[in-house]
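Read the structure below first, then the notes.
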Amino acid sequence: MKKICIYGLGAVGGLMAARLAAAGIAVSAVARGHTLAATRARGIELRETVGGQTMVTRHAITVAEQPAELGVQDLVIVAVKTTGLGGVARDIAPLLGAHTTVLSAMNGVPWWFFHGMAPELASLQLTSVDPQGKVSKAIAHEHVVGCVTHLSATVPAPGVVQHVSGHRLIVGEPSGSAPTLRCQQIIDMLRKAGFDVDATESIQREIWFKLWGNMTVNPISALTGATGDRIIADDFVRAFMSRCMLEAAAIGQRIGLPINADPEARHAITRQLGAFRTSMLQDVEAGKPLELDALVSIVVEIAQQLEVATPQIETLLGLSRVKARVTGLYP
């Protein structure tokens, strides 16, 4: 893969761009506003802690506001917030050719989620993340390889990425096959860039398991303004989270993605992260739209179609939605 473009230079996209460039891999990016201007002027700055020391490096990459400036790519890594996916669908066409692969590295349930799964699931609607099917029309499922990120980064300033923790990525074909040639090429490239990459034959299972863990703490942090340690320390809140997780596990069972884990075990992992600020809390503080649909609305939507009761998740969605609308961060 010679022509690689990252769509969105936020925390994850910016980290990938900087790491790829540092590894000597030519990469371009689509960006907007202050991020576009800063990256054009100074390159992308990567801040990492190595051996207790803060390392700062800058990496020049080709950056454009309009995809047409870059042309057809071999690989497009879509790393925008899910709230920006509609804009990607509108503008991405110039980057896509017949053999272009799109690596989906986003939060929550993606537009292609049921592609390659049991045939009876094909009729389920994903309106929350793909209204009118516009994303599916713009980015055909056959082009997609899935990526689940288990890492944390922030954007302290336009064109600057601060790596916080983690290096793990999970990559897989939606069809559930062993790694194809295109999948293996992506894995090799990301490993060269310093990521710990695992291949999976069930990327949807990995997506659902990550969602199971963060679909509660994210919106609760947005509601309360609390860091993860304070959320998990409250017995009543933690019990509410567990009830939501049990409902999500029941949905997973129905769609062939069972979760064989105890909510309390997952809470223990969250507790180990300490006083972290979730991505949704960071969006609240920055006044950015919240990714409620891909993390919570979509779960309720799937449950309703399967006739699985989710009163706890519905309560979580309703409260979070009201909070987000009052603050102007959700339509």
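The values are calculated or read from the model by the stated rules, or taken from the named source; none is laboratory data. Source: prediction; values computed, not measured. Cβ placement follows ideal geometry from the backbone for every residue including glycine, while neighbour counts extend to all protein chains displayed. Protein only, heavy atoms only, side chains kept; ligands, DNA and RNA dropped before computing areas. Shrake-Rupley method; radii C 1.70, N 1.55, O 1.52, S 1.80 Å.
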Worksheet item: Put PHE276, PHE209, PHE236 in order of accessible area, largest first, 1.4 Å probe: what do you get?
Response: PHE236, PHE209, PHE276
Worksheet item: Cα-based count: Lys pairs in the chain below 26 Å, eight or more positions apart or different chains?
Response: 19
Response to the item:
Over the stretch 231-298, with neighbouring protein chains present, the accessible area per residue in Å² at probe 1.4 Å is 47 Å²
Practice prompt. If a/c stays under 1.5 just call it rounded; otherwise compare a/b with b/c (prolate if a/b is bigger, oblate if not). Do that for the stretch 222-331, with a ≥ b ≥ c from the square roots of the Cα gyration tensor eigenvalues.
Written response: oblate
Fill in: J(HN,Hα) series, the stretch 295-311, from Karplus relation 6.51 cos²θ - 1.76 cosθ + 1.60, nearest Hz, glycine and proline x
9, 10, 4, 5, 5, 5, 4, 5, 4, 4, 5, 8, 6, 9, 6, 9, x
Item to complete: For the stretch 259-318, just say rounded, prolate or oblate: build the C-alpha gyration tensor, square-root its eigenvalues into a ≥ b ≥ c, call rounded for a/c under 1.5, and beyond that prolate if a/b exceeds b/c, oblate if not.
Response: oblate
Worksheet item: Could you state the number of Å between the C-alpha centres of the stretch 55-95 and the stretch 307-331?
Response: 31 Å
Worksheet entry | Dipole magnitude (debye, nearest 20) for the stretch 184-274, charges at Cβ of Lys, Arg, Asp, Glu | 120 debye
Worksheet item: What is the magnitude of the charge dipole of the stretch 126-206 about its Cα centre, with +1 placed on the Cβ of each Lys and Arg, -1 on the Cβ of each Asp and Glu, and no other charges, expressed in debye to the nearest 20?
Response: 200 debye
Response to the item:
Applied in sequence order to the stretch 157-163, the curve 6.51 cos²θ - 1.76 cosθ + 1.60 (Karplus, θ = phi - 60°) yields integer Hz couplings, x standing for Gly and Pro, of 7, x, x, 10, 10, 10, 6
Item to complete: For every helix of n ≥ 4 consecutive DSSP H residues, a contribution of -39,500 (n - 2.57) applies; sum these over the chain, divide by its total residues, and give [θ] at 222 nm rounded to the nearest 500 deg cm²/dmol.
Response: -12000 deg cm²/dmol
Fill in: Exposure ranking of HIS150, HIS163 by accessible area [1.4 Å probe, largest first]
HIS150, HIS163
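Have a look at the DSSP beta bridges in the stretch 62-217 and tell me what percent are antiparallel, nearest 5.
45 percent
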Fill in: the stretch 226-240 - phi-based ³J(HN,Hα) in whole Hz, Karplus 6.51/-1.76/1.60, Gly and Pro as x
8, 6, x, 5, 6, 5, 6, 7, 8, 4, 5, 5, 5, 5, 5
Worksheet item: What percentage of the solvent-accessible surface of the stretch 75-192, computed with a 1.4 Å probe over protein heavy atoms, is contributed by carbon and sulfur atoms?
Response: 55 percent
Worksheet, complete the sentence: For the chain, the longest principal axis of the Cα atoms and the Cα long axis of helix 181-192 enclose an angle in degrees, to the nearest 10, of 80 degrees
Worksheet, complete the sentence: Bridge orientation stat for the chain from DSSP, antiparallel percent rounded to 5, came to 40 percent
Worksheet entry | Long-range HN-HN contacts of VAL164 with modeled amide H, under 5 Å | SER152, ALA153, THR154
Worksheet item: For the stretch 209-331, with the dipole built from +1 on Lys and Arg beta-carbon atoms and -1 on Asp and Glu ones, taken about the Cα centre, which of CYS244, ILE313, LEU292 lies farthest toward the positive end?
Response: LEU292
Worksheet item: Rounded if a/c is under 1.5, else prolate if a/b is larger than b/c, else oblate: which is the stretch 35-182, with a ≥ b ≥ c the root eigenvalues of its Cα gyration tensor?
Response: prolate
Practice prompt. Report, in debye and to the nearest 20, how large the dipole of the chain comes out about its Cα centre when Lys and Arg carry +1 and Asp and Glu carry -1 on their Cβ.
Written response: 820 debye
